[in-house]
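Read the structure below first, then the notes.
The values are calculated or read from the model by the stated rules, or taken from the named source; none is laboratory data. Please read these numbers as outputs of a predicted model, since none were measured by experiment. Cβ placement follows ideal geometry from the backbone for every residue including glycine, while neighbour counts extend to all protein chains displayed.
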Amino acid sequence: MSAFAPPPGTADIFPAESGSWRFLESTAAKVFTACGYGELRTPIFEYTEIFQRGLGGETEVVQKEMYTFEDRGGRSLTLRPEGTAGVMRALTNTDVANGNEQRVFYCGPMFRGERPSAGRRRQFHQIGVENVGRCAPLIDAECIAMLHNYLQTIGITGAVFTINTRGVAADREPAEKVLREYFAEHIDRMCPDCRTRLERNIWRILDCKQECCQQIINSAPSYIDSFSDSSKAYFEEVKKALTALEVPFKVSSRLVRGLDYYVHTVFEVTHDALGEQIAIAGGGRYELFLPGEKRPLPGVGFATGVERLLMAREALNAPVPEAGRADCFFIGLGAEARMKNLISANTLRKAGKNIALELEERSFKAQMRAANRSMAPYTVIRGESELANGIAIVKKMDDGTQCEVSENDLTDYLVKNI
Ligand code: HAM
């Protein structure tokens with residue numbers, strides 16, 4: 001590894017790739033705006049308690065993965081491991097607390113101290129949405145359908161949507177009883193982590209990936225039968241709406257998600273290209289307590305992992321948006337020509353043209369090579385004789401044809417023709 005590599009689990013994003021990033025972000029903005037969402041930008045770090053309380057103190061993210069540090073006054077701060085808790089904190093300052101709906105989306109870096117591997121980063125990027133203030137099965141379905149639409153629009157076909165219900169707080173105790181009785185009988189054959197989970201957080205057993213636990217988990221009784229009728233009806237309504245919206249999905253009672261704030265609908269999206277362990281998006285309905293509020297605020301949302309969307313797009317051979325290519329390359333021989341080139345480039349750039357040029361003293365041959373490398377379809381050449389004659393040469397690079405344009409007409413000519 002080079003001494004100048006970025007820290008493990010982080011990456012530099014070079015111009016050749018950033019076209020794809022911008023495409024994913026701008027398409028998200030378009031698709032989400034059409035559903036009434038506006039962009040919200042929150043700080044990259046928050047007070048630690050925002051995540052502890054929001055995500056749940058027992059979750060893997062809070063227990064093991066947060067980057068936490070103290071500010072000079074001794075207050076504990078944390079680099080955001082996800083977007084939802086910060087968004088909810090920000091919304092305290094809006095009319096959402098009075099029962100109004102807020103639809104927001106966000107794009108940006110998140111930080112989790114995970115062991116880096118393919119598709120698992122310590123600094124990764126999410127594009128996410130939160131629809132806060134309302135609770136209805138049709139809102140959940142609308143949100144999932146928007147994600148489906150987004151994936152289709154960015155060329156990710158064949159994504160697998162898995163959904164489940166977590167019920168509400170009152171459903172948990174009877175369901176936990178059913179699960180605890182069952183797993184207690186088989187716990188001797190399960191992994192050490194599951195033995196701890198039996199007491200501490202039985203739900204986590206359901207998404208254990210250890211081989212020895214798989215068959216036992218697959219044969220577990222359906223805890224959803226013990227949920228209240230209204231929770232079951234809520235889930236039925238979500239499924240009915242997704243079918244009506246033509247979003248293909250499968251149901252798995254093993255899908256519990258890693259954050260504690262979820263109620264009712266939860267979902268995750270995978271793609272065969274990345275395998276079942278690497279979700280490209282996840283989300284669900286949640287209830288979060290805003291600082292100082294006694295009642296929790298309802299919301300539904302999701303986040304996609306940008307690095308993972310790019311991996312899926314690459315596996316599907318989706319077209320890579322072109323990195324910004326120059327419209328024209330200016331070659332100048334002599335100090336006066338270079339100065340004129342700089343002035344022309346400035347004027348044309350203000351007119352919206354993408355201009356590349358050589359401003360250092362270099363041979364004609366070297367500048368021509370740079371012009372070819374830039375792939376610009378036109379080259380403008382100013383040498384001493386052109387300056388003396390008050391003209392510039394405009395060369396079309398694909399067929400090599402060229403014409404002389406007077407200095408006075410050059411800007412207008414280029415604005416119209418390149
Ligand atoms: P999450 O499932 O923890 O949910 O993360 C959402 C997505 O972020 C994942 O599906 C994955 O694509 C990406 N992701 C997570 N961790 C990493 C990582 N270490 N490296 C690369 N990509 C990663 C949440 O964060 C919730 N806040 C989603 C949500 C919004 N729920 C309701 N509203």
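Within this structure, residue 393 passes the test of being out of contact with any Leu (no Cβ under 9 Å at 6 or more places or on another chain), surrounded by 12 or more Cβ atoms within 10 Å (Cβ to Cβ) and not in a helix (DSSP H, G or I).
With respect to residue 345, determine if the residue is hydrophobic (A, V, I, L, M, F, W, C) and within 16 Å of the ligand (Cβ to nearest atom). For residue 345, the condition - hydrophobic (A, V, I, L, M, F, W, C) and within 16 Å of the ligand (Cβ to nearest atom) - is not met. Take the conditions (1) within 16 Å of the ligand (Cβ to nearest atom); (2) touching a Cys at 6+ places or on another chain (Cβ under 6 Å); residue 310 misses just one of them, which is (2). Give me the residue from region 239-251 that is surrounded by fewer than 15 Cβ atoms within 10 Å (Cβ to Cβ) and assigned to a loop (DSSP other than H, G, I, E, B) and, out of that set, farthest from the ligand (Cβ to nearest atom). Here the residue is 246. Number of residues in region 94-130 that are within 17 Å of residue 258 (Cα to Cα) and more than 8 Å from the ligand (Cβ to nearest atom): the value is 3.
Can we say residue 287 is more than 8 Å from the ligand (Cβ to nearest atom) and either over 24 Å from residue 211 (Cβ atoms) or assigned by TED's automatic domain parsing to the domain that holds residue 163 (or both)? Answer is yes for this residue. For region 1-117, please list each of the helices (runs of 4 or more DSSP H) lying entirely inside it that holds at least 3 residues being closer than 21 Å to residue 140 by Cα. By residue number, 15-33, 84-91. One residue stands out among those in region 273-296 that are of a type in the set (A, V, I, L, M, F, W, C) and in contact with a Phe, Trp or Tyr (Cβ under 8 Å, 6 or more places away or on another chain): the one that is surrounded by the fewest Cβ atoms within 10 Å (Cβ to Cβ), which is 288.
Table: residues versus (1) acidic (Asp, Glu); (2) part of a loop (DSSP other than H, G, I, E, B); (3) over 18 Å from the mean Cα position of the chain (by Cα).
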| position | (1), (2), (3) |
| --- | --- |
| 282 | no, no, no |
| 301 | no, no, no |
| 307 | yes, no, no |
| 319 | no, yes, yes |
| 329 | no, no, yes |
| 340 | no, no, yes |
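Among the residues of region 191-233, just one is of a type in the set (S, T, N, Q) and in contact with a His (Cβ under 8 Å, 6 or more places away or on another chain), namely 231. Beta carbons closer than 8 Å, at least 6 apart along the sequence or on distinct chains, pair a first residue in region 379-393 that is acidic (Asp, Glu) with a second that is part of a helix (DSSP H, G or I) and crowded, with 17+ Cβ neighbours inside 10 Å for 384/337; 386/337.
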